[in-house]
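Structure first, then comments.
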Amino acid sequence: MCSLALFPPPLPPGQTTMCESNNELLSGANNSEARQDSGPLSLHFPRESLKLHSRTESSSKAAFLDHSETLWMRSAAAWRDGGFTGLLNEITTSHAEVPKWLSVTSGCILALLRWVSSFHGSLYPHVTLSSEDMIAEFSQVLNWSDCVVRAFAWHPHTDKFAVALLDDSIKIYNPKSAITPTLKHRLQRNVAAVQWKPLCASALAVACQNCLLVWNVDPCSLSTRPSSSCAQVLSHPGHSPVTSIAWSPSGSLLVSASPLDTSMTVWDVAAESCVPLQRVGGGGVTFLSWSPDGSHILASTPSALFRVWETRMWTCERWPCIKGRCQSGCWSPDGSRLLFTVQGEMVIYALTFSGSPGVPPGLVKGPQIAVVVADLSETTFNSPDGDIIVGGEIQSLSWDPRGERLAVLLKGDPEAANRPAIIAVFKTRANPVFELLPCGFVQGELGAEPRLLQFHPNFQHGALLTVCWSSGKITHIPFYFLSSDVSQVGLSGSPPLPHLQERPADFSNQSLFTELIS
Amino acid sequence: MFPSETSCWFIRKVIWWRAAASIAWSVLLLPPTTAVFVFLSKFSFLHPIQTISECLSLLMSSCLIFSFILLGGVVIMVGFLNLEYYTVIPTIACSKIALLGQLLHPRQVVNSLAHCLMGVIVGWCCAVTVGNRYETLGCPCKSSDGVPQMGLNEYHLVFLLAGAFVGFSHSLLGVIHNINYVSFHAVQQYKYLHFKGSLPLVLKCSAIQAFYSIRNFTVAYFFLGYIPKTWICKTLNLHLDSSVHRLDSITGFVDLSLLYHLWISATFLLFTWYITLLLFRIFVTEVYSFPVQPTFTEDSYQCLPRVLIDQQPMILKFLALQDLALLSKHSPSRRGEVFSLSQPGGHAHNWNTVSRACLTLLADLTQRLVAYHETVATNGRAKSLSSGSERKISSDTSFTSGTEDLFSPRPTFLTKTPTSVFARSFAGGPHSPLTAPFTPDLDSPFSSPTLRRLTGPVDQCSPWHGSVQSPHIMRRVPKLWSTSAESQVSSSPPRSPASVPSPKQESTKPSFLAQFLQNRKEQVKNFMAKRVLIMYLFNKLPEASSQALFADSQAHIWALEALSYLVQASFTEDQFGVVQTTLPSILSSMLHLQEAVDRHFKLPHASSKPVRSANSMEDFTYKTLRFALRATLKTAIYRITTTFGSHLNAVQMSAEHRKRLQQFLEFKE
């Protein structure tokens, strides 16, 4: 089992991690300006550049609403805005105008409803949160509510990506074109996650506070502001706020989850039809992750329980946790192994699924127990500037598409100066036994905390980790290595930097070719 | 339709059993439903204990057992009607008059009357169950001069009439909302979980529809209630009790208890019927696994490649395509069977048959779209042309425009493609002697793959490759024989979305008569166009023709999925390279379809989204099938291009297609 004590010590302040080459992480000192020029995809969104909403709608409502409306009008408005409870509230508060029995009755019903909901809230504490707090609580992004970049998604096949910003807009960057479309929609508020549809050039699913949006951004279009008619709105009563979405790897279905809805919704996006898959236990669904081979989905709930759905007949296995809810999880590229972390514990668990998708679901022998594969408990590193404590709870996990590097975002402690949030990167090895080996820590500029990480889905020379920082910067850290399935010889070695020489795969071709000639 | 269906082994061995199982389950679910109904109808806030004891004693009574038997009979009848009337291809009316025609179709009238009758029976059962003042039709009363006589119990009558009304409106709404359409879900679930998941929706729908039905019934009874009342009184020699106030008055209906009981009874009625329908849908659409290779030769008619070519029962074809799509997605061992070679001889019969069946479906849709696009494009011009075939076109066109596209363009289209699946089923078998010699594209990719493999996939020699680009060839070549085929086809009643009695025979008359008729028709049309009601009835419903065009697109979606997944799997699993021989034709037919679909979506109304409401048992999938098809098609092409990548440059295809494919390779579509 791997622990943080085996890691090389973190960099001194001021140094940033540049890349991995020859099996070690290279760092550079404060030359981030030069690096930004080199990579066209390295972006910076200063907080000041965003036009933020100064106040929310509910606070501005009181300033504008005319209070001299009739009771009927107010009741109708309350019904429209707040539903049944809103109506009851309105009737109860305006007791001067309504008959006494009505206001008393509605007050009693309201009290009863509150009592029931408080009972519900004591069972599931998360239902008492406001929807914005709930997204922040269950998001994969560290400190979501304060984060400039709220969501990030690489396109699964090309080099473009989408960035959701604090001002509820989404920008799409493509290195091959100078146009960066900005997506804005009336319903696009508090974006919790974005994801591109696989096997499609244009569809981008966005999880918003009240609904799901599926944007259709034509890659050939020259428009910088696609109109909101390009977006499909998918909503289902009771299914909000949406905190997590996942496309099936075959691109046909979209799954969405809301912590307030006990059912996970499977959307047929083109037909705009949905199938809610309801399982009552757990009180909601917070995080979804579809395995890359499409056979399983991880669905975690706000309570100490997560489920693994099998996608052929849509049945699920229950996995009760001991301590807390499942915070994050990721799948190996072949879909046979699931790594997950539990809130309140400082370890990474692994589950192995042996069944292939072709076997009937009844015959698949699921795993019996989760195995601890890494221990991330707090470790002190001594450095000349003072001790740095690394470790603790895990915010999110990300596994590169080749299954060679695992990036772990550690929460740290925002109060303590010497316990920063940090990214720990592991090497993973599946043969002969599955194990995690230490690779190193990824650090940014002074004062910048990592908030969100994702691997590039098809980086050719190894793995490319994209990190969004608290300063509003997005950087890309390449890990150059030879994939173990390309050549068994250079398992631990790494190829020279690719801009100097060509790919290793090309070498083998060339040597074969010369052999053929001779 | 019936003889051919009953003779099919699949209907006999599978569908009937599935229907029987669904009916059995709905009968088994009847006791709990009835118990809940009894409890709700008897419930009173003030005496909860008394309610429960009353309910228990009522549930044991002989009267309820008798009505229970009746209800069971009704449910079985509803189940049979579901089996008789279900369809996997929805019937889409393109105008109000077509809808009216559907409603007045004899088959539908029988259906409505049956539902009406069953509604009366359920209404009687409800009245007996609720008891008290509703229980009997006759009640003792005193006439004005104090003589005791038998009077009419209007409450009971109201229950019977409400039952009939709700049953009738259920059947009418069923036609309007295509409730007999059985759709297939993208998400496979076990039957129990599917049922459990849909139960709240069914309950909500039946409560809401019951509410609206009872509201309408109340209004109808208020105005027309005296007719059945006096009629019943006359026939049964009952007297109207003058001391009790009449129900078809304002005061009569402000009786909350009566309204509540009516509503709860209507909900009960609709709930049991909807449960039957839901169970039927779930059971019928369950995946059926066909063997890819027969174990014994006498079972070969049951195996997947054979079933895919057979056209007759649509449900069989749909289930076979569904199974094919699923096996191509999930089952490597069964994919292996598809890619395998025949044991003596080494022919890839399985793959050839499967791919040909799928490609025929796609080609059929492409041609249908092209034909429709032409019809729309030529709408209103090019009316007098000399050659016979051209006149046929123009008369068709003007006819469609004249009646504002009463029918979908499919009947016209069907005759044009002898290789098409539908034409075959209508023209009486795959080897129709009439159409075979006229087959226009003998060397098309779909007719003889073996021949094609020898000559190599050179697309330029395929005539219908060119036909898509130039509509004139397309129009002329297949139309040469279409006039002769027309009479043959139109004599057999088509079961297509446009199964309206059509005056189509006109167009097969000699040309001068046709000319004359057409002129008449123009005059009539001009005359009629000025009348508002006529215009209302004949006006084409927006996007309905588009829906009709894609009505059976679920089959095409599965065909696309199956082909793309099989091609993707062939990259690693196909040991003998059987897929490579058909890859060019698969790609070209997909790209052709993509072109046709793109063109179609540029038409007005084609890309407008239908309005949907969640409170109905109506299945909306058929309204959005065209969007699903478009998305699936794109995904399918992407699946092939991402799998094969630059290897596709080695595939022979036309320059235009190569350009299109390049866009897909660069993710620019």
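Rounded, prolate or oblate: pick one for the stretch B:33-285, where a ≥ b ≥ c are the square roots of the eigenvalues of its C-alpha gyration tensor, a/c under 1.5 means rounded, and failing that, prolate if a/b is larger than b/c, else oblate.
Details: a/c = 2.26, a/b = 1.45, b/c = 1.56.
It is oblate, given that a/c is not under 1.5 and a/b is not larger than b/c.
Give the interface area between chains A and B as buried accessible surface, both sides summed, probe 1.4 Å, in Å² to the nearest 100.
Summed over both sides, the interface buries about 2400 Å².
What nm distance separates the two modelled labels at B:PHE516 and B:VAL532, each placed 7 Å from Cα along Cα→Cβ?
Placing both labels 7 Å beyond Cα along the Cβ direction yields 3.7 nm.
At 0.36 nm per residue, and after removing the present C-alpha to C-alpha distance, how many nm does the segment from A:ARG429 to A:SER229 gain when stretched out fully?
Details: separation 200, 0.36 × 200 = 72.00 nm, distance 4.66 nm.
Full-extension gain reported as 67.3 nm.
So between B:GLN50 and B:VAL611, what do we pick up on full extension, going 0.36 nm a residue minus the alpha carbon distance?
Roughly 197.2 nm would be gained on extension.
If a/c stays under 1.5 just call it rounded; otherwise compare a/b with b/c (prolate if a/b is bigger, oblate if not). Do that for the stretch A:70-131, with a ≥ b ≥ c from the square roots of the Cα gyration tensor eigenvalues. Provide the component values of the computation, followed by the final result.
Details: a/c = 3.98, a/b = 1.73, b/c = 2.30.
Here the stretch A:70-131 falls in the oblate category.
Using a 1.4 angstrom probe, figure out how much accessible area the stretch A:70-131 has per residue, in square angstrom, rounded to the nearest whole.
69 Å²
Would chain A count as rounded, prolate or oblate if I go by the C-alpha gyration tensor, calling it rounded below 1.5 in a/c and otherwise prolate when a/b exceeds b/c, oblate otherwise?
On the way: a/c = 1.76, a/b = 1.65, b/c = 1.06.
Prolate, since a/c reaches 1.5 and a/b exceeds b/c.
Accessible area, 1.4 Å probe, largest first: how do A:MET264, A:MET346 sort?
Numbers: A:MET264 0, A:MET346 65 Å².
The ordering from most to least exposed comes out as A:MET346, A:MET264.
How large is the charge dipole for the stretch B:33-285, taken about the Cα centre, if only the Cβ atoms of Lys, Arg (+1) and Asp, Glu (-1) carry charge, to the nearest 20 debye?
540 debye
Give me the distance in nm between label points sitting 7 Å out from Cα along the Cα-to-Cβ direction at B:TYR226 and B:HIS349, one decimal.
7.6 nm
Any idea which of B:PHE43, B:ALA93, B:ASN111 is furthest toward the positive side of the dipole for the stretch B:1-128, if Lys and Arg beta-carbons carry +1 and Asp and Glu beta-carbons -1?
In the stretch B:1-128, that residue is B:ALA93.
Taking H as built 1.01 Å from N, whose amide H comes closer than 5 Å to the amide H of A:GLY335, not counting residues under 5 places away?
Residues meeting the criterion, in which the H sits 1.01 Å from N, are A:ASP293.
Would you please give the FRET efficiency between B:VAL110 and A:LEU26, computed as 1/(1 + (r/R0)^6) with r the Cβ-Cβ distance and R0 = 56 Å, to the nearest 0.05?
It comes to 0.10.
Output the 0 to 90 degree angle, nearest 10, between the alpha-carbon long axis of helix A:504-517 and the longest principal axis computed from the alpha carbons of chain A.
Taking the Cα atoms of chain A, the angle to A:504-517 is about 40 degrees.
If I ignore ligands, DNA and RNA and count only protein heavy atoms, how much of B:ASP145 is accessible to a 1.4 Å probe, in Å² to the nearest 10?
Here the accessible area works out near 110 Å².
Check each residue of the stretch B:176-222 and keep those whose accessible area, probe 1.4 Å, is at least 50 Å² smaller with all protein chains in place than in the chain alone; give them in order of residue number.
B:VAL187, B:GLN188, B:GLN189, B:TYR190
In the stretch B:622-669, which residues give up 50 Å² or more of accessible area once the other protein chains are added, compared with their chain alone (1.4 Å probe)?
With the partner chains in place, the stretch B:622-669 has these residues losing at least 50 Å²: B:THR635, B:PHE667.
Kindly report, to the nearest 10 Å², the accessible surface of A:GLU90 as traced by a 1.4 Å probe over protein heavy atoms only.
Accessible area of A:GLU90: about 40 Å².
If you filter the stretch A:401-456 for GluC sites (Glu not before Pro), then keep DSSP loop positions with at most 16 other Cβ within 10 Å, what is left?
A:GLU415, A:GLU445
Extension gain B:GLN523-B:LEU117, at 0.36 nm per residue separation less the Cα-Cα distance, in nm? Each step should come with its number before you reach the end.
Working: separation 406, 0.36 × 406 = 146.16 nm, distance 4.50 nm.
Extending this stretch completely gives an extra 141.7 nm.
Please work out the FRET efficiency for the pair A:SER42 and A:THR315, using the Cβ-Cβ distance as r and a Förster radius of 51 Å; give the result to the nearest 0.05.
Numbers: r = 44 Å, r/R0 = 0.87.
That gives a FRET efficiency of 0.70.
Say each of A:LYS184 and A:ALA5 gets a label point 7 Å from the Cα, pointing the same way as Cα to Cβ; how far apart are those two points in nm?
Here the answer is 5.5 nm between the modelled labels.
With respect to the cross-link table entries B:LYS521/B:LYS602; A:LYS197/B:LYS609; B:LYS13/B:LYS329; B:LYS191/B:LYS317; B:LYS602/B:LYS634; B:LYS96/B:LYS204, which display a Cα-Cα separation exceeding 23 Å?
Over 23 Å Cα-Cα: B:LYS521/B:LYS602; B:LYS13/B:LYS329; B:LYS96/B:LYS204.
The values are calculated or read from the model by the stated rules, or taken from the named source; none is laboratory data. Keep in mind that this is a model prediction, so the values were computed, not measured. All Cβ positions, glycine included, derive from the backbone under ideal geometry; neighbour counts span all protein chains shown. SASA here: full protein model, heavy atoms, side chains in, ligands and nucleic acids out. Shrake-Rupley method; radii C 1.70, N 1.55, O 1.52, S 1.80 Å.
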